[in-house]
Amino acid sequence: ATAVAFTPDGSTLAVADSPGSAPGQVHLWKLGDEKPFASWTAHSDSILDLKISANGKLLATGSADKLARVWNLATQKEVAKLEGHTCYVQAVAFGKDDAVLATGGADKEIKFWDIATSGREGSFSNRSASVTALHWTTGGTNLLAVAEDGTAVTITDIKRHNGEQSSAPGTERKLSSI
C-alpha cells in the first residue's frame, strides 16, 4: 500500500496501491471484511497520497502522474480532475467545508483548488524542496506544509482567486525545521 485513510466514522478504510508499474488503484474496505467492497483504477501511475473529506463523502488522491483527483466515495465516480503540477503530486488535503483542496508536489509548489469547478485558486512556489505533507488546522483556515528537506511553513489568510490573479494567495510563515 502507498497510502491509507479512514472515513471520519471509522467504518471504512481506503487503501491505495500500485503493484510494480501498474496504474494506481483505490480499494475500499468495511472494517472486519476480508475483501474490499469497491476497487477502481484512479490514476495512470502510483498514488502517493490520499485523504478522505471531513464529511466522509469525498476522497482525494495525488499521484506520480502529476494529477490530483477527487472522487465521490459512495459511487467511486470522479468529481474533479486537477491539472497543473509539473511533477508528482505528493500531498493532498481538504480545506474548509471540503470545498477546497490543497495539493503539494515534487515541483516544490503548493496549489489551492475549488473542487466544484476544478479551478486553481492560488499557489505558492517558493519551496526549497518537494512538498511531502499538507494538513489543514481545525476549521480549515490555516495550512501546514512540510517539505522533503524538513522545512515547514504555515499559510494563513488564504484568499480564494478566480483564475490567474497576481495578488498573494495568503500569508506564509516559516516554522523551525523538523
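The values are calculated or read from the model by the stated rules, or taken from the named source; none is laboratory data. All figures in this text were calculated on a predicted structure; none of them were measured in a lab. Note: ideal-geometry Cβ built from the backbone for every residue, glycine included; neighbour counts use all protein chains shown. We work out accessible area using only protein heavy atoms, side chains counted, and drop any ligands, DNA or RNA first. Shrake-Rupley method; radii C 1.70, N 1.55, O 1.52, S 1.80 Å.
Tabulated values for the structure
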quantity	calculated
Residues of type lysines that Lys35 reaches as a straight line, Cα spacing below 30 Å, ignoring anything fewer than 8 places off in the same chain	Lys51, Lys57, Lys66, Lys77, Lys81
Cα-centre dipole for segment 1-61 with unit charges at Cβ (Lys and Arg positive, Asp and Glu negative), debye to 20	140 debye
Most mobile listed residue (Thr61, Thr103, Thr137) in the chain, GNM with C-alpha springs under 10 Å	Thr137
Gaussian network model of the chain, Cα within-10 Å springs - most flexible of Asp107, Asp49, Asp97	Asp97
Per residue, in Å², the accessible surface of the chain once ligands and nucleic acids are set aside, probe 1.4 Å	49 Å²
Normalised contact order of the chain, rounded percent, pairs of Cα under 8 Å and 6 or more residues apart	12 percent
Neighbour cut-off at most 10 other Cβ (10 Å), DSSP loop, trypsin sites (Lys or Arg not before Pro), segment 62-157	Lys77
Unit charges on C-beta of K, R, D, E only; dipole of segment 18-140, Debye	60 debye
Candidates Phe124, Phe37, Phe94, ranked by Gaussian network fluctuation over the chain, Cα under 10 Å, top entry	Phe37
Segment Lys96-Ala74, length gained on full extension (0.36 nm per residue, minus Cα span)	5.8 nm
Over the chain: Kirkwood hydrodynamic radius from C-alpha pairwise inverse distances, Å	16.2 Å
Three-way shape call for segment 47-87 based on the alpha-carbon gyration tensor, with the a/c threshold at 1.5	prolate
Solvent-accessible area, 1.4 Å probe, carbon plus sulfur percent, for segment 1-157	50 percent
Stokes-Einstein D (µm²/s) once Rh is taken as the Kirkwood radius of segment 1-88 over alpha-carbon pairs, at 20 °C in 1.002 mPa s	166 µm²/s
